[in-house]
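Below: the structure, in structure tokens.
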């Protein structure tokens, strides 16, 4: 895991709302969040620590546009175009060769029956993983997120367990309405492999919130890479699942999760397990 010796992390977020039309039935938001930290970092396996000014301490910095259009009768159209950025250097994306709108590039329709979204959006693994640990979506300090998504190439042999990124391209998502605190998302990514329609990514996640209780879980079956353009066949079929949850005792909040990932071409299983308590958040 990564160790932070001395760190100061600052996050700034904001949104600008613009309404058009006499009855403000349409809206476009200019949105974003900036996170930068200063500290001394040492990864497992590194020979020593290094002094850094880095982007993405507690969350990944991003900016972009989101909008909605009221079509009448309860039906709404929506879109999202958002991009990651490294604030310390001004480089676009999370890593080299990341696509420009790798966070969101989609359109959708929503009604009382739920929401259908088409384009690039979240993978099934993302929301359950950030809700099942106290450090959220920190790709720098959260051990669960690091083990799932960030391989280290420094002799440790530590490989990530997520088969195909935290976002999928060429995707259709159906999101259910809230049913007594329970929501679910069905994901299908087209492989777009010429002459072979069998290659695809599929997955599902579920989220449940009821007072102090949070329960989450996901399952995905991946054959295509992300976020590369075009997506390419992984060479095998990889499955990944996790169950997690949290309970807020008012003084402390407890987190727990367990997950496994496996490829069809090996008998090895990669596993993640987390048990953690932290002070309860205050309003």
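Bear in mind that the values in this text are calculations on the coordinates, not laboratory data. As the structure is a computational prediction, the values presented were derived from the model and not from experiment. Cβ coordinates were reconstructed from backbone atoms using ideal geometry, including for glycine residues, and neighbour counts include every protein chain displayed.
Does region 116-194 come out rounded, prolate or oblate by the C-alpha gyration tensor, with a ≥ b ≥ c the root eigenvalues, rounded set by a/c under 1.5 and, if not, prolate when a/b is larger than b/c and oblate if not?
Here region 116-194 falls in the oblate category.
Gaussian network model of the chain, Cα springs within a sub-10 Å range: biggest mean-square fluctuation belongs to which of 107, 118, 38?
Result: 38 has the largest fluctuation of those listed.
Counting other beta carbons within 10 Å of each residue's own, what order do 168, 241 fall into, fewest first?
241, 168
Just to be sure I understand the model, the point goes 7 Å from the Cα along the line to the Cβ. What's the resulting residue 118 to residue 70 distance in nm?
With each label point 7 Å from Cα toward Cβ, the separation is 2.5 nm.
Dividing the Cα convex hull volume of region 35-145 by residue count, how many Å³ per residue is that?
Taking only Cα atoms, region 35-145 has a hull volume of 127 Å³ per residue.
Please label the shape of the chain as rounded, prolate or oblate, based on the square roots a ≥ b ≥ c of the eigenvalues of the alpha-carbon gyration tensor (a/c under 1.5 means rounded; beyond that, a/b larger than b/c means prolate, else oblate).
Taking the square roots of the gyration eigenvalues as a ≥ b ≥ c, the chain is rounded.
Sort 129, 280, 198 by Cβ crowding within 10 Å, fewest neighbours at the top.
Placing the least packed residue first, the sequence is 198, 280, 129.
If you take the Cα atoms of region 188-282, find Rg, then find the Kirkwood Rh from the mean of 1/r over all pairs, what is Rg/Rh?
Taking Rh as the inverse mean 1/r over Cα pairs, Rg/Rh reads 1.13.
For a test of the definition: using alpha carbon positions, the gyration tensor, and the 1.5 limit on a/c, classify region 113-279 as rounded, prolate or oblate.
Judged from the Cα gyration tensor, region 113-279 comes out oblate (a/c at least 1.5, b/c at or above a/b).
Quote the Stokes-Einstein diffusion coefficient, in whole µm² s⁻¹, for region 227-273, based on the Kirkwood radius over alpha carbon pairs, a temperature of 10 °C and a viscosity of 1.306 mPa s.
Stokes-Einstein gives a translational diffusion coefficient of 118 µm²/s.
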